[in-house]
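Undergrad: Attaching a single structure in structure tokens format; questions to follow.
Laboratory data are not the source of any read-out in this text; all were calculated from the coordinates shown. Predicted model only: the values in this text are computed from it and were never measured. So basically every Cβ, Gly included, is an ideal-geometry build from the backbone, and we count neighbours across all protein chains shown.
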Amino acid sequence: MSVEPSTAAPFLEIEGVTKKFGGLTALDAVSFGVQKGEVTGLIGPNGAGKTTLFNVLSGFVPPTSGRVAFRGETVTGLRPHAIARRGLARTFQIVRPFPGLAVHENLAVGGLSNRVFDAGRELAGARAAAEQVATRVGLLPWMDRRATTLPHGLLKRLEIGRAIMTHPSLLLLDEPFAGLGGHEIDEVSGCIAELAAGGLTLIIIEHKLRALMRLVRRVIVLNFGRLIAEGSPQEIGANTLVREAYLGEKGAARLA
Ligand SMILES: Nc1ncnc2c1ncn2[C@@H]1O[C@H](COP(=O)(O)OP(=O)(O)OP(=O)(O)O)[C@@H](O)[C@H]1O
Ligand SMILES: [Mg+2]
């Protein structure tokens, strides 16, 4: 087994990324790196800039300044599909399946929209690929159900399934546990842990900290667009700035 030298450029490199919406600075000179295979948590209060950072990384929103490099290549300024084709996928905070379509069709469209398939010839292949992904996210029994009839927990898994249809090497998950109860959180969490065990690099935004901390070794904290702390769950729980800005004493106890 080869060991990468510690000087290797990070898999994902975010350098001085600033995003302004008019007079509002949603991201303020944010810099950090992510190594291949790492699972990183991204936390912070509402409006801290977490989703905006995902929007910049995935090309949905251009940064005002700064640079993003993915697998050694600058991707700042590229369109979302061009970034997706390089292996970066993301989910959305609000789940929006195609309402008239079955689960397998929703999955297939996840691949089509990123041009993994040549439309037409590939429909049979799309079904096979959808079945593979459905197995990974535990959706196989519901393949022919209309997506809109699924309970929320399964919709969150469908959202992850659609993202991994593109065979990403980096997956950005925006609040995968939002709106879920304990049992559903465990199921989605198990599915994320398996993706991580398979070598996928992940950044996960979550407010449900106890569940998040079981999945991640490192946490990045944003507050008013600034990176205010970076460290292990224990280090973050003990960080005074983070306690004051976000966690409070109760939240800190959840990380201890
Ligand atoms: N397209 C936009 N136009 C104007 N302002 C925006 C836009 N997108 C985000 N913002 C603002 O940028 C700030 C950061 O928003 P963002 O959605 O990134 O926060 P967040 O950390 O994801 O919050 P939450 O935990 O509530 O999801 C907020 O003040 C938000 O209102
Ligand atoms: Mg958000």
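Undergrad: What number, rounded to the nearest 500 deg cm²/dmol, is the helix-based mean residue ellipticity at 222 nm of the chain, given -39500 (n - 2.57) per DSSP H run of at least four residues and division by all its residues? Kindly include the intermediate steps, with their values, before the conclusion.
TA: Working: 9 runs with 88 residues, N = 256.
Estimated from H runs of four or more residues: -10000 deg cm²/dmol.
Undergrad: Determine the dipole magnitude for segment 119-187: charges of +1 sit on the beta-carbon of Lys and Arg, -1 on that of Asp and Glu, nothing else is charged, the reference point is the Cα centre, and the result goes in debye to the nearest 20.
TA: Value, rounded to 20: 300 debye.
Undergrad: Take peptides 82-91, 146-155 and line them up by average Cβ neighbours within 10 Å, highest first, as a rough protection proxy.
TA: Details: 82-91: 19.7, 146-155: 16.6.
Per-residue Cβ counts within 10 Å, averaged per peptide and sorted highest first, yield 82-91, 146-155.
Undergrad: Something else about it: Mind putting a number on the dipole of segment 133-256 about its Cα centre? Charges go on the C-beta only, +1 for Lys and Arg and -1 for Asp and Glu, and I need it in Debye to the nearest 20. If you can, show how the numbers build up before the last one.
TA: On the way: 15 positive and 13 negative charges, 11 e Å.
That gives a dipole near 60 debye.
Undergrad: Can you work out ³J(HN,Hα) from phi for every residue in segment 222-229, in order, using Karplus 6.51 cos²θ - 1.76 cosθ + 1.60 and θ = phi - 60°, giving whole Hz and x for Gly and Pro?
TA: Working through the residues one at a time gives 10, 8, 6, x, 9, 6, 9, 6 Hz.
Undergrad: Treating the beta-carbon of each Lys and Arg as +1 and of each Asp and Glu as -1, no other charges, what is the dipole magnitude of the chain about its Cα centre, to the nearest 20 debye? Mind dumping the intermediate values first?
TA: Working: 29 positive and 23 negative charges, 72 e Å.
Around 340 debye, computed over the chain.
Undergrad: Right, here's the next one. Fewest first, what order do 174, 28 take by the number of other Cβ atoms within 10 Å?
TA: Details: 174 21, 28 17.
Least to most surrounded, the residues fall as 28, 174.
Undergrad: Could you state the per residue volume, in Å³, of the convex hull enclosing the Cα atoms of segment 24-150? Could you put the intermediate results ahead of the total?
TA: On the way: hull volume 18.9 nm³, N = 127.
Value for segment 24-150: 149 Å³ per residue.
Undergrad: Against the empirical 2.2 N^0.38 Å scaling, what ratio does the C-alpha Rg of the chain come to? Please report the intermediate quantities before stating the final value.
TA: Numbers: Rg = 18.2 Å, N = 256, 2.2 N^0.38 = 18.1 Å.
Rounded to two decimals, the normalised Rg is 1.01.
Undergrad: Using the structure shown, list the pairs from 36/156; 20/208; 19/50; 50/156 with a Cα-Cα distance above 21 Å, or answer none. Please list the in-between numbers first.
TA: Details: 36/156 25 Å; 20/208 27 Å; 19/50 12 Å; 50/156 19 Å.
The answer is 36/156; 20/208.
Undergrad: Let me have the relative contact order for the chain, percent, based on Cα pairs under 8 Å that are six or more residues apart. Each step should come with its number before you reach the end.
TA: Numbers: 483 pairs, mean separation 61.4, N = 256.
Relative contact order here is 24 percent.
Undergrad: Compare the Cα positions of 77, 247, 211 along the charge dipole of the chain (+1 at Cβ of Lys, Arg; -1 at Cβ of Asp, Glu; about the Cα centre) and return the one farthest towards the positive end.
TA: Of the candidates, 77 comes out farthest on the positive side.
Undergrad: Right, next: Which residue, chosen from 41, 94, 63, occupies the Cα position most advanced towards the positive end of the dipole of segment 15-144, where the dipole is computed from +1 (Lys, Arg) and -1 (Asp, Glu) charges on Cβ about the Cα centre?
TA: My answer, from the dipole projection, is 63.
Undergrad: Something else: For segment 140-212, rounded, prolate or oblate, judged on the Cα gyration tensor with a ≥ b ≥ c (square roots of eigenvalues), a/c < 1.5 rounded, else prolate if a/b > b/c? Don't skip to the end; give the middle numbers.
TA: Working: a/c = 1.84, a/b = 1.14, b/c = 1.61.
It comes out oblate by the Cα gyration axes.
Undergrad: Using the Karplus curve 6.51 cos²θ - 1.76 cosθ + 1.60 with θ = phi - 60°, what ³J(HN,Hα) values do you get for each residue of segment 17-25, in whole Hz, with x for Gly and Pro?
TA: Values per residue, Gly and Pro as x: 7, 10, 10, 10, 10, x, x, 9, 9 Hz.
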